[in-house]
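Working notes, beginning with the structure itself.
The values are calculated or read from the model by the stated rules, or taken from the named source; none is laboratory data. Keep in mind it's a predicted model, so treat the numbers as computed, not measured. Neighbour counts run over all protein chains shown; Cβ positions are idealised from the backbone, glycine included. Remember, those area values only see protein heavy atoms, side chains included, never the ligands or the DNA or RNA. Shrake-Rupley method; radii C 1.70, N 1.55, O 1.52, S 1.80 Å.
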Amino acid sequence: MGRPGTPDVGRPGTPGNNWAQNQPGRIENRGERQDNRNQRRDEIQNQYQQNNPGNFWQQYPGWSAWAITRPFAWATWGSIGSWCGYSGEQYPYSYGDNVYYADNQVYYGDQVVATADEYAQQAAALAASAPVATTQQAEWLPLGVFALTQDGQASGAQPTLYMQLAISKEGVISGTFTNTVSGKVQSLEGMADKSNQRVAWVVTGQDRPIMETGLTNLTQDAAPALIHFADGQTQQWLMVRLPEPKQ
């Protein structure tokens with residue numbers, strides 16, 4: 001995966017600032033941040049409709065094995081729960097609010113869950129836990145097609161990074177990733193943890209970068225995700241769900 005720029009490692013939601021400098025109680029721009037996300041979502045969806053970069057997932061040789069005929073289908077929490085056998089409440093991963101970094105620790109709510117390094121290693125272990133050679137044997141539920149852009153911006157150029165994702169009944173994540181600048185299309189693989197609803201994936205055959213988010217985030221039309229890079233940086237990006245292109 002590429003990345004749209006390389007600003008200083010920032011606290012989720014506040015690119016360029018040191019994560020350790022802020023905690024949720026000090027955030028005064030929650031409304032502004034959400035407004036920016038909504039504006040960027042609308043802009044990206046319009047950009048895609050006006051300049052569709054192509055159905056890149058169909059270019060990947062393994063596409064037919066997934067037997068997915070509606071890649072743009074929007075998976076709701078109810079459909080994912082029924083498909084994977086999840087029960088109970090959703091665990092939101094709102095980076096910068098209920099999940100945040102402070103003093104090199106990662107918090108979920110008011111509880112420390114790991115150090116920053118441990119949190120990235122947990123994501124790596126989760127992504128690597130996907131069973132080998134399950135693509136053709138598994139049944140897949142489409143999660144949709146997403147554009148990737150850096151979080152915190154209300155407007156910008158049309159994204160060049162796109163993902164199509166699907167989940168199996170066992171919680172395996174599969175899909176395709178494309179960079180429209182290079183024209184390269186790669187497969188994705190990862191896993192969802194049913195116990196905490198954390199999801200992580202990588203490009204097949206690579207260890208980094210690792211992308212992670214909450215399972216419920218994948219049911220939203222615009223939601224944040226974390227990217228852990230090989231150089232130790234972690235950045236927050238925004239996933240924007242794309243509508244099916246107009247015929």
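Extending 7 Å from the Cα toward the beta-carbon at both Ser87 and Gln206 defines two label points whose distance is 3.9 nm.
For Val99, the residues 5 or more places off, or on other chains, whose built amide H falls under 5 Å of its own are Ser94, Gly109.
Tell me the per residue accessible area of segment 141-215 using a 1.4 Å probe; a whole number in Å² is fine.
Working: 2160 Å² over 75 residues.
With the other protein chains kept in place, segment 141-215 gives 29 Å² per residue.
Computed about its Cα centre, the charge dipole of segment 78-171 is approximately 380 debye, with only Lys, Arg, Asp and Glu carrying charge at their Cβ.
Farthest towards the positive end of the charge dipole of segment 128-247, among the residues Pro131, Gln197, Gly144, is the Cα of Gly144, using unit charges on the Cβ of Lys, Arg, Asp and Glu.
Within segment 110-198, report the GluC sites (Glu not before Pro) that DSSP leaves as loop and that have at most 13 other Cβ atoms within 10 Å. Sparse-neighbourhood loop GluC sites (Glu not before Pro): Glu139. Probe radius 1.4 Å, ligands and nucleic acids ignored: give me the carbon and sulfur share of the accessible area of segment 81-220 as a rounded percent. Using a 1.4 Å probe with all protein chains present, segment 81-220 comes out at 47 percent carbon and sulfur.
How would you classify segment 78-222 from its alpha-carbon gyration tensor, with a ≥ b ≥ c the square roots of the eigenvalues: rounded for a/c under 1.5, else prolate if a/b is greater than b/c, otherwise oblate? Cα axes put segment 78-222 in the rounded bin.
The aspartates and glutamates within cross-link reach of Lys194, meaning a Cα-to-Cα straight distance under 13 Å and a gap of 8 or more places when in the same chain, are Glu89, Glu170.
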